[in-house]
Amino acid sequence: MFLKFFKKADPPDDMQLVQQYRTTADMDCLGELFERHTEMVYLVCLKYLRDEEESKDATMQVFESLTELLLKHDIANFKSWLHVTTKNHCLMQLRAKKGKEQVSLEDASPPFMENSDLFHLSDAEQKEEDEKLLAQGLETLPPEQRTCVELFYLQQKSYKEIAEQTGCDLNKVKSYIQNGKRNLKLYMEKHHEPR
């Protein structure tokens, strides 16, 4: 009984740290999360970027972005959310790069555009052009469609999760995704230059 007074308290789990940061904006909470997950984030970056220095930079950028992202997103499982966030960060970086082979959004699960011949590409250069076109197409969508499409395809959120996160009705979410996908397909077909 006497020893109980000297027992150290268990360290807070990830979600407790996230909640604490959201309520207090205490950077020590982010520091603790950074310490726990740096290796995982770095390895995900390395998998996609295939360059040690770029991966170190990307790791720091991901954690810097958490100061805002943690306040915006409802997170159920921090580690898996961080994994997806890191992956998306790397995909965005790869799309922004010129002249190098890029990771395609078709690798995202489920496939970004079903039944689209645009993603059966013959070489990396054409693939890169289509990646740019897709990013531009996303920017042309109405905000609700863009948000729902990105959450569904890039962050693999369910309809229900998207409805909770955006405050939209479930049927509206389905409609935004369906219409967003159709509008993207039309944009890609209109702006795609056949080789």
Number of the condition not met by residue 108 [criteria: (1) within 18 Å of the chain's Cα centre (by Cα); (2) more than 27 Å from residue 188 (Cβ to Cβ); (3) surrounded by 13 or more Cβ atoms within 10 Å (Cβ to Cβ); (4) at pLDDT below 90]: (2)
Flag if residue 189 is loosely packed, with under 15 Cβ neighbours inside 10 Å, assigned to a helix (DSSP H, G or I) and modelled with pLDDT under 85: yes
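Hey, among 28, 74, 57, which residue is surrounded by fewer than 15 Cβ atoms within 10 Å (Cβ to Cβ), among the charged types (D, E, K, R) and in contact (Cβ under 8 Å) with a residue 60 or more places away in the chain?
Working: 28 fails: in contact (Cβ under 8 Å) with a residue 60 or more places away in the chain; 57 fails: in contact (Cβ under 8 Å) with a residue 60 or more places away in the chain.
One residue alone meets the criteria, 74.
Residue-by-condition table, conditions (1) at pLDDT 85 or above; (2) more than 17 Å from residue 74 (Cα to Cα); (3) among the β-branched types (Val, Ile, Thr):
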residue	(1), (2), (3)
147	yes, no, yes
150	no, no, no
167	yes, no, no
176	yes, yes, no
Which listed residue is modelled with pLDDT of 75 or more and either part of a helix (DSSP H, G or I) or under 25 Å from residue 82 (Cα atoms) (or both), from 127, 172: 172
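The values are calculated or read from the model by the stated rules, or taken from the named source; none is laboratory data. Please read all numbers here as calculations on a predicted model, not as lab measurements. Note: ideal-geometry Cβ built from the backbone for every residue, glycine included; neighbour counts use all protein chains shown.
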